[in-house]
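A.B. asks: Structure below; questions to follow.
Coordinate-derived values only; no laboratory data. Here the structure is a predicted model, which means the values were calculated and not measured. For neighbour counting, all protein chains shown are included, and Cβ atoms are generated from backbone atoms with ideal geometry for every residue, glycine included.
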Amino acid sequence: MDFIIHEERLSANNYIDFLKDTDLGSQYPKERFSERIETLVKSVPISLTARDSGGRLIGVCFGITDFAYWLFITDLGVVRSCTGQGVGRALMKAAHELAGGERNIVMYTCANENAVGFYEKLGMTKPNDVMVYDHIDWTDFTVK
């Protein structure tokens with residue numbers, strides 16, 4: 001499959017439409033969903049897209065980084081019809097390079113249990129040094 005990765009800011013509506021065609025659509029809380037997605041797409045330091053040869057959005061990778069030591073992948077999604085074709089791997093590699101490269105940057109993510117195998121194939125391991133402060137309202141739902 002041919003695709004091109006770009007640094008690109010999506011609109012909230014474009015990203016919400018994308019979520020409907022991926023397995024990412026269930027990772028966000030229902031509370032203030034649209035408002036928070038708007039903030040996400042405007043503010044995230046690394047915003048990469050993958051588009052097929054016809055220009056169709058087939059993958060997205062968002063990450064936060066200090067460009068010196070670490071990168072946290074907040075969102076990685078590929079449309080269901082394009083999974084298993086190297087899109088996710090290419091997005092992760094591009095984000096890692098953009099943040100400063102694998103020799104400088106430690107990369108983290110919170111992986112959905114169904115995606116753990118994918119991340120392990122990339123060489124990622126489960127850390128034991130991550131702490132969480134989680135005191136927010138979080139009602140599960142799926143973007144449809």
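A.B. asks: Mind listing the phi-derived Karplus ³J(HN,Hα) values for the stretch 123-133, rounded to whole Hz, using 6.51, -1.76 and 1.60 with θ = phi - 60°, and x for any glycine or proline?
C.D. replies: Result, ordered by residue: x, 7, 10, 7, x, 10, 10, 10, 10, 10, 10 Hz.
A.B. asks: Report ³J(HN,Hα) in whole Hz for each residue of the stretch 89-94, in order, from the Karplus equation J = 6.51 cos²θ - 1.76 cosθ + 1.60 where θ = phi - 60°; Gly and Pro get x.
C.D. replies: 4, 5, 5, 4, 5, 5
A.B. asks: Enumerate by residue number the GluC sites (Glu not before Pro) in the stretch 8-42 meeting two conditions: DSSP loop (anything except H, G, I, E, B), and at most 16 other Cβ atoms within 10 Å of the site's Cβ.
C.D. replies: Answer in residue order: GLU8, GLU31.
A.B. asks: For the stretch 42-126, which trypsin sites (Lys or Arg not before Pro) are in a loop by DSSP, counting at most 13 other Cβ atoms within 10 Å?
C.D. replies: Working: sites: LYS42, ARG51, ARG56, ARG80, ARG89, LYS93, ARG103, LYS121; in loops: ARG56, ARG103.
Answer in residue order: ARG56, ARG103.
A.B. asks: Test of understanding: what is the full-extension gain from GLN27 to ASP134, defined as 0.36 nm times their sequence separation minus their Cα-Cα distance?
C.D. replies: The GLN27-ASP134 span can extend by a further 37.0 nm.
A.B. asks: Still on this structure, I have one more. Picking from TYR133, TYR119, TYR15, which is most flexible by a Gaussian network model of the chain using Cα springs under 10 Å?
C.D. replies: Ranking TYR133, TYR119, TYR15 by mean-square fluctuation puts TYR133 first.
A.B. asks: Could you identify which residue out of VAL78, VAL44, VAL60 has the top mean-square fluctuation in a GNM of the chain using Cα springs shorter than 10 Å?
C.D. replies: Of VAL78, VAL44, VAL60, the Gaussian network model singles out VAL44 as fluctuating most.
A.B. asks: Calculate I(q)/I(0) for the stretch 69-144 by the Debye formula, one identical point scatterer on each C-alpha and no solvent, and give its log10 at q = 0.25 Å⁻¹ to two decimals.
C.D. replies: Values returned for q = 0.25 Å⁻¹ are -1.35.
A.B. asks: Counting alpha carbon pairs within less than 8 Å and at least 6 residues apart, what relative contact order, in whole percent, applies to the chain? Before the final figure, lay out the partial values.
C.D. replies: On the way: 215 pairs, mean separation 40.7, N = 144.
Answer for the chain is 28 percent.
A.B. asks: Along the stretch 24-34, what does the Karplus equation 6.51 cos²θ - 1.76 cosθ + 1.60 (θ = phi - 60°) give for ³J(HN,Hα), rounded to whole Hz, x for Gly and Pro?
C.D. replies: Rounded to whole hertz, the list is 6, x, 10, 9, 10, x, 5, 4, 6, 3, 4.
A.B. asks: Looking only at ASN114, ASN14, ASN128, which one moves most when the chain is put into a Gaussian network model with springs between Cα atoms under 10 Å?
C.D. replies: With Cα springs under 10 Å in the chain, the top fluctuation among ASN114, ASN14, ASN128 is at ASN128.
A.B. asks: Above 25 angstrom, tally the Cα pairs of the chain and express them as a % of all pairs, no decimals.
C.D. replies: Here the tail beyond 25 Å accounts for 26 percent of pairs.
A.B. asks: Order these by the 10 Å Cβ neighbour count, fewest first: CYS82, CYS61, CYS110.
C.D. replies: Numbers: CYS82 19, CYS61 27, CYS110 11.
Final ranking by Cβ density, sparse to dense: CYS110, CYS82, CYS61.
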